[in-house]
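Novice: There's a structure below that I have some questions on.
The values are calculated or read from the model by the stated rules, or taken from the named source; none is laboratory data. Source: prediction; values computed, not measured. Backbone-built Cβ (ideal geometry, glycine too); neighbour counts: all protein chains shown. These accessible areas exclude ligands, DNA and RNA; they are computed on the full protein's heavy atoms, side chains included. Shrake-Rupley method; radii C 1.70, N 1.55, O 1.52, S 1.80 Å.
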Amino acid sequence: MGADRTERVDRTGPQGKGDKKKVSRSFGVMALLGVLLVLAGLVGLVYTGFATLTTMFLFGWLLLAGGAVGLLQAFQSRKSSYFWLAVIVAAINMAAGFVILRRPEASAEALTMFAALLFLTGGVFRLAGGLVVRGAHFGLTLVQGAFGILLGLLILSNWPGNSLYVIGTFFSLALLFDGLSLIALGMGARRILGLVRDDEEPVAADAATGEPDKARGTAEKHLPEDQERSNN
């Protein structure tokens, strides 16, 4: 009886419930981060000029930090064959970051021009590719290409006067949609965790191996039926 004796193991014990609470708390933090991103996106859409300048300063500091890290890594691997290439790339990043921090308005104008040309060329290539390939999503491809061309032309028609709000608007919209995605993911995951029952049926397990004892479970299931037949 000693080694073969079985005992019931509750898989939904305090440790399992604690893990479930930790996972639920993590998804709650994710949803809270999504709310903060949505609020930041809404504020950026209201104050587009401030959002544009903030984006420029953030982009400049990122370039400076990336250039400094790249330069440090280049000197750590100075015996390699790509040492001078890494030094040049890091120096270009640091110089671009310095220029953006010194002249954020001019940098915004340059990035706005680049974004307009990107939308325009992307729309042209998408439209031409849709007309040539004529795939399953032919209509959607044409609409996307035409929208890209129209957006690029609208930005170019008002440039450089619109450079103070184009970059900020795009950045704020990105924050808004990312925040909504995080909120949907966090709330959906917490809802799924809430559907998991904490009062699941305990599983019989062997005392020696710790594995579920299916034989005993089957015997316990049929025991009342055997007793009823003997009584009859």
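Novice: Hey, if we sort 114, 83 by accessible area with the 1.4 Å probe, largest down, what's the order?
Specialist: Most to least solvent-accessible, the answer reads 114, 83.
Novice: Here's another thing I want to ask about it. GluC sites (Glu not before Pro), restricted to region 96-203: which are DSSP loop and have at most 11 other Cβ atoms within 10 Å?
Specialist: In loop regions of region 96-203 (DSSP not H, G, I, E or B), the sparsely surrounded GluC sites (Glu not before Pro) are 200.
Novice: Quick check: at a probe of 1.4 Å, how many percent of the accessible area of region 63-198 sits on carbon and sulfur atoms?
Specialist: Whole-percent figure for carbon plus sulfur exposure: 73.
Novice: Once you list every other residue whose beta carbon is under 14 Å from the beta carbon of residue 168, what net charge do they have if Lys and Arg are +1 and Asp and Glu are -1? Before the final figure, lay out the partial values.
Specialist: Working: positive: none; negative: 105, 109.
After counting each charged neighbour, the total is -2.
Novice: Given a 1.4 Å probe and the protein chains all in place, what does the accessible area of residue 181 round to, in Å² to the nearest 10?
Specialist: Roughly 70 Å² of residue 181 is accessible to a 1.4 Å probe.
Novice: With the cut-off at 1.5 for a/c, could you classify region 142-187 from its C-alpha gyration tensor as rounded, prolate or oblate?
Specialist: Here region 142-187 falls in the oblate category.
Novice: Right, here's the next one. Could you report region 153-199's accessible area per residue, 1.4 Å probe, as an integer in Å²? It would help to have the intermediate numbers written out before the result.
Specialist: Details: 2990 Å² over 47 residues.
Accessible area per residue, region 153-199: 64 Å².
Novice: Once the whole set of protein chains is in place, how much accessible area is left on residue 151, using a 1.4 Å probe, in Å² to the nearest 10?
Specialist: Its accessible surface works out to 40 Å², give or take rounding.
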